[in-house]
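Visitor: Okay, handing you the structure first.
The values are calculated or read from the model by the stated rules, or taken from the named source; none is laboratory data. Quick caveat, the model's predicted, so the values are computed rather than measured. Counting neighbours? That spans all protein chains shown, and the Cβs are built from the backbone with ideal geometry, glycine included. Accessible surface is based on the protein model in full, side chains and every heavy atom, while ligands, DNA and RNA are left aside. Shrake-Rupley method; radii C 1.70, N 1.55, O 1.52, S 1.80 Å.
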Amino acid sequence: MGKVLEAAGVSKRFLGLQALKEVTLHLEEGEILAVIGPNGAGKSTLLNLLSGLIKPDQGRILFLGQDITHLPPEARTHLGLGRAFQIVQPFPELTVRENLLVGALFGKPGTSRKEGEAWVEEVLHLTGLQSRSEALAGDLTLLEDKRLELARALATRPKVLLLDEVMAGLRPKEAEEAVALVKRIRETGVSILFIEHVMPVVRTLADRVVVLDYGEVIAEGTYQEVAQDPRVREAYLGRRA
Ligand SMILES: Nc1ncnc2c1ncn2[C@@H]1O[C@H](COP(=O)(O)OP(=O)(O)OP(=O)(O)O)[C@@H](O)[C@H]1O
Ligand SMILES: [Mg+2]
């Protein structure tokens, strides 16, 4: 087991605000890692740095040992770093299958149409979207939307998947299904880093949890370990007041 993704001392400032301060963390091969923290802690900023939407002021991002700090998002996707967004972004006028084919063909340059179509069938099967494959993406329910967003990320054949609050807005029963799906994705050999506010989801899904507060890592460990950490309790309680 090795590190597949690393942030080494990354800092990011927005005008007067230090959104991330010398954050160092890593994702192990085959691991499901949760990044949690109160509102404004810097979680989405971290994910944006990892996926290449923004650049750090300091520090480096390593993917499979390669320095990708200055690579744009598409190049990271091509290397196998996939991302699903909180706000789903499919093409609403294309069918589910067509959306996935776009991901399969553009996510890995050199993929033939035949290879792409075969992979899309597997992704449809894995994500439980077969019966909706001909539906327009714009006609899906919220739960189906979330599945499609995960499926679109998977279609690019990632080795590592970054998920930003993909359970947000789901009912408990639906979140359970989504948890099962993320576990199936991991079983296919994908390592996963996810941001999540829904604590039962973090508890059941994460092998390890990193807690951010005011842009800094304040705790790291199993869910049970961080849930008992006084700094973590204070961060959550203090912010709510
Ligand atoms: N593009 C930006 N310009 C200015 N400030 C920003 C920008 N993006 C984020 N911030 C600020 O940086 C801090 C961290 O924001 P971030 O979105 O990373 O937090 P978060 O942990 O994802 O919060 P939430 O749980 O609410 O999604 C916040 O104070 C936010 O207002
Ligand atoms: Mg956020």
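Visitor: Leaving out ligands and nucleic acids, and using a 1.4 Å probe, what accessible area per residue does region 86-157 come to in Å²?
Guide: The answer is 50 Å² per residue.
Visitor: Towards the positive end of the charge dipole of the chain, with charges on Cβ (+1 Lys, Arg; -1 Asp, Glu), say which of 185, 39, 82 has the farthest Cα.
Guide: Value: 39.
Visitor: Please grab the % of Cα pairs in region 1-56 that end up more than 14 Å from each other.
Guide: Cα-Cα pairs of region 1-56 separated by over 14 Å account for 56 percent.
Visitor: In degrees, nearest 10, range 0 to 90: what is the angle between the Cα axis of helix 172-187 and the longest Cα principal axis of the chain?
Guide: 80
Visitor: Give the longest segment of the chain that steers clear of GluC sites (Glu not before Pro) in DSSP loops with at most 13 neighbouring Cβ atoms within 10 Å, not counting the sites themselves.
Guide: The answer is 135-241.
Visitor: What are the semi-axes of the equivalent ellipsoid of the chain, taken as the square roots of 5 times the eigenvalues of the Cα gyration tensor, listed largest first and rounded to whole Å?
Guide: The equivalent ellipsoid of the chain has semi-axes of 30, 21, 16 Å.
Visitor: Ignoring ligands, DNA and RNA, please state the percent of accessible area on the chain from carbon and sulfur, probe 1.4 Å.
Guide: Percent of accessible area from carbon and sulfur atoms in the chain: 54.
Visitor: Given a cut-off of 22 Å, name the pairs among 43/146; 12/159; 3/146; 3/183; 12/43 whose C-alpha atoms lie farther apart than that in the structure shown.
Guide: Violating the 22 Å limit, Cα to Cα: 12/159; 3/146.
Visitor: Additional query: When averaged across all projection directions, what area in nm² does the alpha-carbon convex hull of region 57-138 cover?
Guide: About 6.9 nm², averaged over all directions.
Visitor: When the helices in the chain are scored as -39500 (n - 2.57) per DSSP H run of 4 or longer and the sum is shared across all residues, what 222 nm value do you end up with, to the nearest 500 deg cm²/dmol?
Guide: So the calculated ellipticity at 222 nm is -12000 deg cm²/dmol.
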